[in-house]
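The values are calculated or read from the model by the stated rules, or taken from the named source; none is laboratory data. Being a predicted model, the structure only gives us computed values, none of them experimental. All Cβ positions, glycine included, derive from the backbone under ideal geometry; neighbour counts span all protein chains shown. Calculation scope for accessible area: heavy atoms of the full protein, side chains included, ligands and nucleic acids excluded. Shrake-Rupley method; radii C 1.70, N 1.55, O 1.52, S 1.80 Å.
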Amino acid sequence: MQRLSDWYDHPEYYEAIFGTDTEREMDFLLEVGRRYGTGGKKLLEPACGAGRLVAEAARRGQHIVGYDISEKMLAHARQRLTPAERRRVRLYASRMETFYQPELEGQVDLAFNLVSTFRYLDSEAAALAHLEGTRRLLKPEGLYVLGFHLTDYGRRKAEHERWVEKLGKDTVVCNTHEGLPERRLRRSEMRNRLRITGPGKDLLIETHWYFRTYDQAQARRLFRRAGLRVLEVFDFDYQVDVPRKRGEIRLDTLFVLQPAKSPA
């Protein structure tokens, strides 16, 4: 068995796990944009990764800007685009807390980040910088759909998720482990193991990092500081007709955010 590190250096295997809901996610995003925002076609994806949603948006005639810190992910994203799609896409190398393009200020109809990438921002200052920077790029009625898992600081067991997918003749097994949250440090330890087996192949890609933690109150307080208001909340089921009921508790959370009328 060959051992490797950092799943972001291997976009094809990362995509095999997280690329299965692409069409459903884009259906949800565009319908949220129509119902709650401008319904316009100028989109932005922070931390766009290997570009599955970028390509899907372009395929549907949207104009989209994406950025990511990983050059390998961006290279994969560019390769997957057809010539027609490339005319509707711009990709940049950037961090989430520092991205800025002057020509985008006040021009974005819909920004989105769905798979907890926001939690990589490891301080309040970094998270605030990202949210404020994204808010500047939105139209007054534009939206930022931000998805991440909230934290139950009272839990006493580690969390584990497992997925199995096929990639051609290869089988990709993904195991993600989240340790107990550290309330004082506002973080939890993460470990991901991707096991890829197939004809003449046996790989183990193991990645370790920390995610920043948020409960409901911490997230909403941060949004207010960034000058964003919560219009609606959904689950990772991506059912636009089933917003979360007031008081309903689930940790997988999609916040529909819009610039506040008078930013804090």
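Let me check I've understood the local charge: for residue 225, count other residues with C-beta under 14 angstrom from its C-beta, Lys and Arg +1, Asp and Glu -1. What total comes out? Walk me through the numbers on the way to the answer.
Details: positive: 135, 220, 221, 224, 229; negative: 124, 132.
Summing Lys/Arg as +1 and Asp/Glu as -1 gives +3.
For the chain, the mean residue ellipticity at 222 nm estimated from helices alone is -7500 deg cm²/dmol, where every DSSP H run of n ≥ 4 contributes -39500 (n - 2.57) and the total is divided by all residues, rounded to the nearest 500.
In the set [x] 42, 31, 15; [y] 26, 22, 17; [z] 28, 24, 17, the label that goes with semi-axes √(5λ) of the Cα gyration tensor in Å computed for this structure is [z].
Hey, any idea what % of the range 132-198's accessible area is carbon plus sulfur with a 1.4 Å probe?
Details: 1640 of 3610 Å².
It is 45 percent, rounded to a whole number.
In whole percent, what relative contact order does the range 103-172 give with Cα contacts below 8 Å and a gap of six or more residues? 40 percent.
Judged by the mean number of other Cβ atoms found within 10 Å, the most tightly packed of the peptides 137-143, 91-97 leads the ranking 137-143, 91-97.
Only Cα pairs under 8 Å and at least 6 apart count here; give the relative contact order of the chain as a rounded whole percent.
Working: 557 pairs, mean separation 50.7, N = 264.
With pairs under 8 Å counted, the relative contact order is 19 percent.
Pull out a ≥ b ≥ c, the square roots of the eigenvalues of the alpha-carbon gyration tensor of the range 41-168, then state rounded if a/c is under 1.5, prolate if not and a/b is larger than b/c, and oblate in the remaining case. Oblate, since a/c reaches 1.5 and b/c is not below a/b. Considering every alpha-carbon pair of the range 1-91, the percent of pairs per 10 Å bin, from zero through the bin containing the longest distance, is 17, 48, 27, 7, 2, 0.
Stretching residue 122 away from residue 164 to a fully extended chain increases their span by 12.2 nm, per 0.36 nm per residue minus the current alpha-carbon distance.
At an R0 of 22 angstrom, the distance between the Cβ atoms of residue 185 and residue 250 translates into a FRET efficiency of 0.35.
Please report the equivalent ellipsoid semi-axes of the range 182-258, computed as sqrt(5 x eigenvalue) of the Cα gyration tensor, largest first, in whole Å. Walk me through the numbers before you get to the answer.
Details: eigenvalues 218, 75, 23 Å².
After diagonalising the Cα gyration tensor, the semi-axes are 33, 19, 11 Å.
The residues of the chain present an accessible area of 48 Å² per residue when probed at 1.4 Å with all protein chains retained.
Based on the mean of other Cβ atoms within 10 Å per residue, sort peptides 225-236, 99-110, 56-67, 41-52 so the most packed one is first. Present the calculation step by step, with values, prior to reporting the outcome.
Numbers: 225-236: 18.1, 99-110: 15.8, 56-67: 20.3, 41-52: 24.1.
Top of the packing list down: 41-52, 56-67, 225-236, 99-110.
When DSSP beta bridges are limited to those with both residues in the chain, what percentage is antiparallel, rounded to the nearest 5? In the chain, approximately 65 percent of DSSP beta bridges are antiparallel ones.
Relative contact order, percent, of the range 45-182 when contacts are C-alpha pairs under 8 Å separated by at least 6 residues? Walk me through the numbers before you get to the answer.
Numbers: 214 pairs, mean separation 26.1, N = 138.
19 percent.
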